[in-house]
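The next block holds one structure in the form of structure tokens; read it before the comments.
The values are calculated or read from the model by the stated rules, or taken from the named source; none is laboratory data. All of these numbers come straight from a predicted model, not from anything done at the bench. All Cβ positions, even for glycine, are placed from backbone atoms using ideal geometry, and neighbour counts span all protein chains on display. We work out accessible area using only protein heavy atoms, side chains counted, and drop any ligands, DNA or RNA first. Shrake-Rupley method; radii C 1.70, N 1.55, O 1.52, S 1.80 Å.
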Amino acid sequence: MVYHDLNSFESINPFTGEKYARFELLKSSELEEVIAKAAEAFRKWRKTSLKERLKHIENLAQLLENESEHYGQIITLEMGKPLKEAVAEVKKCALACRYYIEHSTAHLKGRKVSLEPGRQAEIHYEPTGVVLGIMPWNFPFWQVIRFAIPTLVAGNIVLVKHAPNTPRSALMLQQLFIRAGFPQGVYNNIFIHTSQVENLIAKREITGVSLTGSTRAGRAVAALAGRYLKPSVLELGGSNTLLALPDANITKVADQAVNARFMNAGQSCISAKRILVPAEKYDAYTRELTLRIKKLKTGNPLLADTQIGPLARLDLAELAERQVEESLRAGARLVTGGSRSGTLFAPTLLTDVKPGMAAFDEELFAPVAVLISYRNEKEAVNLANNTSYGLGTAIFTNDIERARKLIPKFQDGAVYINEWIHSDPRLPFGGVKDSGYGRELSKEGLLSFVNIKTVVVNNN
């Protein structure tokens, strides 16, 4: 089954294979026109008061809340996540809007710094121009909103190159911004080929780039951004650890682990891709996880009782199958699952996984739980850090102080204690190492693409 070709964006239902629409890429002349209109829009938008910008965002939040079922269905039909998860994604977008409505005034407020007598300094936050967002398919609304809203609030203009397999979601977002009253040229969806990205980043009008995607894509964009001296934010892959300390409640950890691993069929950068448990409780965790995983219902994502939908594309399912097979040949044990039918991948549990296996070393973007044992705390930390990624670790324990002492030892952008990692508009989100750099959301995300201008006034 072919999901899209290089010359178009195609919307294809990954569960049925039905093709909904095909969209041609912009010609160079058409892209130039979009850039010119965006640059013109910036000259006006940057002068628009923050109060006026936030009024449009309030309108957008209302639309997202009121029509979440409609847009959730579009997401489900296009990339396969269960409908209830898709609806929750749209509602979360409204939460991000409301966070910035409430806090942007304080976040963007300049500050004064007293120097020597007669000298005063001020710090101003000013927009920079047109910011390019290169967005993924796994959360086709949320990833765009968490980039676009703070960028627009700061007074910038947004260009969005969405994933080739989620064009209907991309167009729906464009329409939502129009319906919310944003002026023409402020939010711009563009269907372009990857080969067009370099010329776009090189444009004088483009003042920054934000990418959510693979580490490979991140390296390419970072190189381009560096070549043309444009600031960039990269939210890339992850191989997050769920670490159960010996005193953790096995039942609670198993519940959290299944939720953290199998949401969106495991297609999430913050998914619990490696579950570390003490060796003396390994068999107990294996039993508890197996019971829960076997109960997960896979199938039509539009049905209310479906918990695992299809993977978003056939090639992704084939890649996961290869990673599982390679791990089994290297000595991993298949406890349950492991089979594939088209884009449907059975919820899977692998045990006896060790460094050097694909299931340990690579990012498994599929409904595959990986259980790993450790003998002591030092080994657990080493295993958690034994990855090129650095997005997050979650520690489960009854001893909070013990967990707090471990926090500095993990090479990650986030450490959660007794709950799984998730993005929250109130908190900065991002990683280190191959998981990227920069932060989205909260105040840090709002200031990612602003000119932090220093002003000094000498009254002497």
I want the local charge near E288. Using Cβ-Cβ distances under 11 Å, sum +1 for each Lys or Arg and -1 for each Asp or Glu among the other residues. +2
Can you pull out the trypsin sites (Lys or Arg not before Pro) in the stretch 237-311 that DSSP calls coil and that have at most 13 other Cβ atoms within 10 Å? K297
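Tell me which GluC sites (Glu not before Pro) from the stretch 231-338 have a DSSP coil assignment and no more than 11 other beta carbons within 10 Å of their own. Could you put the intermediate results ahead of the total?
On the way: sites: E235, E280, E288, E318, E321, E325, E326; in loops: none.
When the GluC sites (Glu not before Pro) of the stretch 231-338 are filtered for loop state and at most 11 Cβ neighbours within 10 Å, nothing remains.
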When a/c is below 1.5 the answer is rounded, else prolate if a/b is larger than b/c, else oblate, so apply that to the stretch 251-360 with a ≥ b ≥ c taken from the square roots of the Cα gyration tensor eigenvalues. oblate
Could you tell me the center-to-center distance, by alpha carbons, between the stretch 328-402 and the stretch 11-76 in angstrom? 37 Å
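For a 21 Å ceiling on Cα separation, which of these pairs sit above it: K433/K453; K91/K230; K55/K109; K27/K230?
Values: K433/K453 29 Å; K91/K230 32 Å; K55/K109 18 Å; K27/K230 24 Å.
As for pairs spanning more than 21 Å Cα to Cα, those are K433/K453; K91/K230; K27/K230.
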Highest first, please rank the peptides 60-69, 389-398 by the mean number of other Cβ atoms sitting within 10 Å of their residues. 389-398, 60-69
With a 10 Å radius around each residue's Cβ, average the other Cβ atoms per peptide and rank 335-343, 380-388, 399-407, highest first. 380-388, 335-343, 399-407
Using a 10 Å cut-off on Cβ atoms, rank the peptides 135-145, 110-120, 424-434 from the highest mean neighbour count down. 135-145, 424-434, 110-120
Of H70, L115, A41, which is farthest towards the positive pole of the stretch 27-160's charge dipole, taken about the Cα centre with +1 and -1 on the beta-carbons of Lys, Arg and Asp, Glu respectively? L115
Could you derive backbone 3J(HN,Hα) for the stretch 363-377 from the dihedral phi with the Karplus parameters 6.51, -1.76 and 1.60 (θ = phi - 60°), listing whole Hz in sequence and x where the residue is Gly or Pro? 7, 8, 9, 6, x, 10, 8, 10, 9, 10, 9, 9, 9, 8, 4
Helix 167-179: inclination vs the chain longest Cα principal axis, degrees, rounded to 10, gives 40 degrees
Mind pulling the angle between the C-alpha long axis of helix 28-45 and the longest principal axis of the chain? Nearest 10 degrees, somewhere in 0 to 90. 70 degrees
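Between A304 and R119, what is the FRET efficiency for a Förster distance of 45 Å, r being their Cβ-Cβ separation, to the nearest 0.05? Before the final figure, lay out each step's value.
Values: r = 66 Å, r/R0 = 1.46.
Efficiency, rounded to the nearest 0.05: 0.10.
Leaving out ligands and nucleic acids, and using a 1.4 Å probe, what accessible area per residue does the stretch 311-460 come to in Å²? Each step should come with its number before you reach the end.
Values: 6660 Å² over 150 residues.
So the stretch 311-460 comes to 44 Å² accessible per residue, rounded to a whole number.
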Roughly speaking, to the nearest percent, how much of the chain's 1.4 Å accessible area is carbon and sulfur? 51 percent
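Report, in debye and to the nearest 20, how large the dipole of the chain comes out about its Cα centre when Lys and Arg carry +1 and Asp and Glu carry -1 on their Cβ. Walk me through the intermediate numbers first.
Working: 57 positive and 48 negative charges, 192 e Å.
With Lys and Arg at +1 and Asp and Glu at -1, about 920 debye.
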Would you compute, from DSSP H runs of 4+ residues alone, the mean residue ellipticity of the chain at 222 nm, taking -39500 (n - 2.57) per run and dividing by the full residue count, rounded to the nearest 500? -12500 deg cm²/dmol
Counting Lys and Arg as +1 and Asp and Glu as -1, each charge on the Cβ, what is the dipole of the stretch 162-251 about the Cα centre in debye, to the nearest 20? 360 debye
With a point put 7 Å past each Cα toward its Cβ, work out how far K297 is from K405 in nm, to one decimal. 4.7 nm
Between L95 and E205, the two model label points (7 Å from Cα along the beta-carbon direction) sit apart by a distance in nm of 3.6 nm
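Under 12 Å from the Cβ of L328, count the other residues' Cβ atoms, weight Lys and Arg +1, Asp and Glu -1, and hand me the total.
Values: positive: R322, R329, R333; negative: E321, E325, E326, D352.
Residues close to L328 contribute a combined charge of -1.
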Just grab the label-to-label distance for D255 and R216, each label 7 Å out from Cα along the Cβ direction, in nm (one decimal). 4.0 nm
Total formal charge among the other residues, if their Cβ is under 14 angstrom from that of P14, Lys/Arg +1 and Asp/Glu -1: 0
Quote to one decimal, in nm, the extra length available between D424 and N7 on full extension: 0.36 nm per residue of separation minus the C-alpha distance between them. 146.5 nm
Would you kindly state how much longer the chain becomes between N385 and V455 on full extension, computed as 0.36 nm times their sequence separation minus their alpha carbon distance, in nm to one decimal? 20.9 nm
Can you give the angle from 0 to 90° between the axis of helix 50-66 and the longest principal axis of the chain, with both taken from C-alpha atoms, to the nearest 10? 40 degrees
